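FYI, it's all coordinate maths here, none of it is from the lab. What you see is a predicted model; the values in this text were computed from it and never measured. For neighbour counting, all protein chains shown are included, and Cβ atoms are generated from backbone atoms with ideal geometry for every residue, glycine included.
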Amino acid sequence: MKRRWLLAVLALPVPVTLLIPALLVAAFCKGQWAASWAGPSDPLFWLGAAAGLAGLALALWSAAAFARHGDGTPAPWDPPARFVVSGPYRFVRNPMILGVILVLLGEAALLRCPPLFVWFALFTLGNALYIPLVEEKGLERRFGASYRRYKQHVPRWMPRSVPWPPADERAPEKENG
């Protein structure tokens with residue numbers, strides 16, 4: 001399982017959050033667009049630090065829930081065998097991607113590099129299209145009514161204020177009749 005996870009991490013979040021931003025900074029954020037860290041007196045420093053740390057924590061918490069309860073990885077070629085509705089998935093449907101988006105926002109704010117803001121926006125837009133058009137349809141096919149019920153109660157991007165209880169924690173529904 002550790003090898004599967006290492007491959008998934010090296011193939012997906014590392015390029016998105018480290019490799020591509022490093023290439024963008026090297027190519028565009030010098031000279032005219034000097035990449036200069038936002039200092040503590042700059043509000044962008046605090047926005048970037050808060051977004052980046054929150055995103056990293058959310059992504060790690062999500063990955064741990066997948067490993068513990070899903071018997072799979074976040075990689076499309078090795079998805080979880082079981083439907084995961086624990087940890088951050090009780091608050092928001094896409095906590096791993098939301099975490100990565102927050103990390104990208106944090107990097108762009110801390111480095112004050114316009115191309116990193118563009119990368120953040122493109123990655124966010126790409127996932128805003130991909131997830132409802134492709135990923136959610138696949139999850140509905142794999143997990144059926146359970147996933148459709150989950151979709152009705154747990155928002156895609158903005159976390160709930162209280163965790164949604166999985167079916168085994170909810171009070172039995174009363175039958176009409």
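One chain, two ends: V118 and A57. Fully extended at 0.36 nm per residue, the span grows by 19.6 nm beyond their Cα-Cα distance. Loop-resident trypsin sites (Lys or Arg not before Pro) (DSSP state other than H, G, I, E or B) in region 17-108 with no more than 15 further Cβ atoms inside 10 Å of their Cβ: K30, R82. Mean-square fluctuations from a GNM of the chain, with a 10 angstrom spring cutoff on Cα atoms, peak among G52, G70, G39 at G39.
Helices that extend 20 Å or more along their long axis by alpha-carbon positions and average at least -1.0 on the Kyte-Doolittle scale are, among the DSSP H runs of the chain, 43-69, 95-111, 114-130. In µm²/s, what is D for the chain at 10 °C and 1.306 mPa s, where D = kT/(6 pi eta Rh) by Stokes-Einstein and Rh is the Kirkwood radius from Cα pairs? This corresponds to a translational diffusion coefficient of 90 µm²/s. Spin-label model, R160 to R141: label points 7 Å out along the Cα-to-beta-carbon direction sit 2.7 nm apart. Distance between the 7 Å Cα→Cβ label points at Y130 and R149: 3.0 nm. Short-range pairs are left out: with C-alpha atoms under 8 Å and at least six residues apart, the relative contact order of the chain is 26 percent. Placing unit charges on the Cβ atoms only, positive for Lys and Arg and negative for Asp and Glu, gives the chain a dipole magnitude near 300 debye about its Cα centre. The modelled label-to-label distance between R82 and W37, using points 7 Å beyond Cα along the C-beta direction, is 4.3 nm.
Decide, for region 13-85, between rounded, prolate and oblate: order the square roots of the alpha carbon gyration tensor eigenvalues as a ≥ b ≥ c, take rounded if a/c falls under 1.5, and otherwise choose prolate if a/b is larger than b/c, else oblate. Judged from the Cα gyration tensor, region 13-85 comes out oblate (a/c at least 1.5, b/c at or above a/b).
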